[in-house]
1. Using only C-alpha positions, report the orientation-averaged shadow area of the convex hull of the range 4-176, nm², one decimal.
2. Label points 7 Å out from Cα along the Cβ direction at residue 62 and residue 124: separation in nm?
3. Sort 140, 50 so that the residue with the fewest other Cβ atoms within 10 Å of its own Cβ comes first and the one with the most comes last.
4. Given points 7 Å out from each Cα along the Cα-Cβ axis, report the residue 172 to residue 76 separation in nanometres with one decimal.
5. Per DSSP H run of at least 4 residues, take -39500 (n - 2.57); add these up for the chain, divide by its residues and hand me the 222 nm value, nearest 500 deg cm²/dmol.
6. Compute the length gained on full extension between residue 110 and residue 54: take 0.36 nm times their separation in residues and subtract their Cα-Cα distance, giving the result in nm to one decimal.
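Here, each number is a calculation from the coordinates, and none is a lab measurement. Everything numeric in this text was worked out from a predicted model, so none of it was measured. Cβ atoms come from the backbone with ideal geometry, glycine included; neighbour counts cover every protein chain shown.
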């Protein structure tokens, strides 16, 4: 079987017109040309994809579109979370409360707002209101801490979605406003 690059070179060499193949991304992929808007409140500022539905409940805000969601919870926390505290306490809570919880990983990395704890795992989505079906989601949970405040940013998309770049835009844009 010939490679796509080889076939493209043959087409260009012989001037054979070819129809471009449309990209067929899996459900949940955020388009490469997605625009982002900045959302600000008393505690933080963050960029989210433009046009996503916003749902606010107390100290939680969730942005959703189709199969994707970004949820930000803000709470008081006297101490900064550590990889050890997350592995010991938070993973145990997730195991008990998240349907389909699997393949957890805890790491620490830098974002524009500073050092954060990242918890990744798989989870079963809530049933679709229309079909009742569920999907397996890839979940990234970022813990941002500053001066007694903890922001937990949870991003979800169907397993296999290629949202690395959009999720980086969102998590790198997070800044504390207090």
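1. Its average projected convex-hull area is 13.3 nm².
2. Going by the 7 Å Cα→Cβ label model, 1.7 nm.
3. 50, 140
4. My value for the distance between the label points is 3.5 nm.
5. -4500 deg cm²/dmol
6. Fully extending the segment from residue 110 to residue 54 adds 17.5 nm.
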